[in-house]
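Visitor: Structure below; questions to follow.
Just so it is clear, none of the values below were taken in a lab; they were calculated from the coordinates. Note that the coordinates shown come from a computational prediction; the quantities given were computed from them, not determined experimentally. Because the Cβ atoms are built from the backbone with ideal geometry, glycine has one as well, and the counts that use them run over all protein chains shown.
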Amino acid sequence: METLFYELSSKLSDNQDFKFEQLKGKIVLIVNIATKCGFTPQLEGLEDLYKKYKDKGLEILGFPSDQFMHQNPESDADTSSFCQLNFGVTFPIMQKCEVNGSNASPIFQYLKKVLSGTFGNKIKWNFTKFLIDQNGKPIKRFAPVTKPEKLEDYIKNLLVL
């Protein structure tokens with residue numbers, strides 16, 4: 001099951017291919033983000049984690065989604081700019097995608113199957129977070145209300161510091 005993660009890919013906000021196999025050996029945090037959500041300020045905390053641990057093996061991927069009350073209506077380029085300008089985000093922002101339903105992005109289909117949540121095989125809201133270990137195994141799912149700083153101990157425990 002673990003290797004499936006590395007077989008997946010997505011597209012960055014600038015339409016470049018992003019193959020997850022390049023993440024082998026890294027801890028990965030995947031977050032469905034939105035620009036107009038009450039949780040949007042979490043982008044700052046996510047960026048803080050990224051800056052603190054990226055050189056130690058952490059990668060964060062932001063996946064914008066407009067599936068929850070139209071809270072990310074911007075284009076891919078505008079979403080990426082918003083994250084950079086308002087929260088200093090330097091981690092990769094992917095193309096907007098669906099996280100629930102029959103058109104859900106393959107990465108979210110996979111993550112929901114491996115780590116179901118309170119709502120079963122659905123993402124409850126923006127800023128649901130998935131932590132994946134260095135071997136590509138999804139190990140923990142965090143609710144939207146879980147602030148990024150609460151993930152730090154989980155990340156440190158996975159990193160070889």
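Visitor: Scanning region 1-13 for residues that are of a type outside the set (A, V, I, L, M, F, W, C) and part of a helix (DSSP H, G or I), which turns out surrounded by the most Cβ atoms within 10 Å (Cβ to Cβ)?
Guide: It comes out as 6.
Visitor: Check whether at least one residue in region 86-99 is touching a helix residue (DSSP H, G or I) at 6+ places or on another chain (Cβ under 6 Å), among the aromatic types (Phe, Trp, Tyr) and not in a helix (DSSP H, G or I), and report yes or no.
Guide: Yes: one or more hits.
Visitor: As an exercise: evaluate residue 107 against (1) crowded, with 20+ Cβ neighbours inside 10 Å; (2) of a type in the set (Val, Ile, Thr); (3) in a loop (DSSP other than H, G, I, E, B) and give the number of the one condition it does not meet.
Guide: Among (1) crowded, with 20+ Cβ neighbours inside 10 Å; (2) of a type in the set (Val, Ile, Thr); (3) in a loop (DSSP other than H, G, I, E, B), residue 107 violates only (3).
Yes/no per residue for (1) among the polar types (S, T, N, Q); (2) over 17 Å from residue 13 (Cα atoms):
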| position | (1), (2) |
| --- | --- |
| 87 | no, no |
| 100 | yes, yes |
| 110 | no, yes |
| 121 | yes, yes |
| 130 | no, yes |
| 137 | no, yes |
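Visitor: Inspect region 119-133 for any residue being within 24 Å of residue 23 (Cα to Cα), free of Cβ contacts under 8 Å to residues at least 60 places away in the same chain, assigned to a loop (DSSP other than H, G, I, E, B) and touching a Cys at 6+ places or on another chain (Cβ under 6 Å) and give the result as yes or no.
Guide: No, region 119-133 contains no residue that is within 24 Å of residue 23 (Cα to Cα), free of Cβ contacts under 8 Å to residues at least 60 places away in the same chain, assigned to a loop (DSSP other than H, G, I, E, B) and touching a Cys at 6+ places or on another chain (Cβ under 6 Å).
Visitor: While we're on this one: If you check 112, 36, 19, which single one turns out to be basic (Lys, Arg) and within 18 Å of residue 141 (Cα to Cα)?
Guide: Going through 112, 36, 19 in turn, the sole match is 112.
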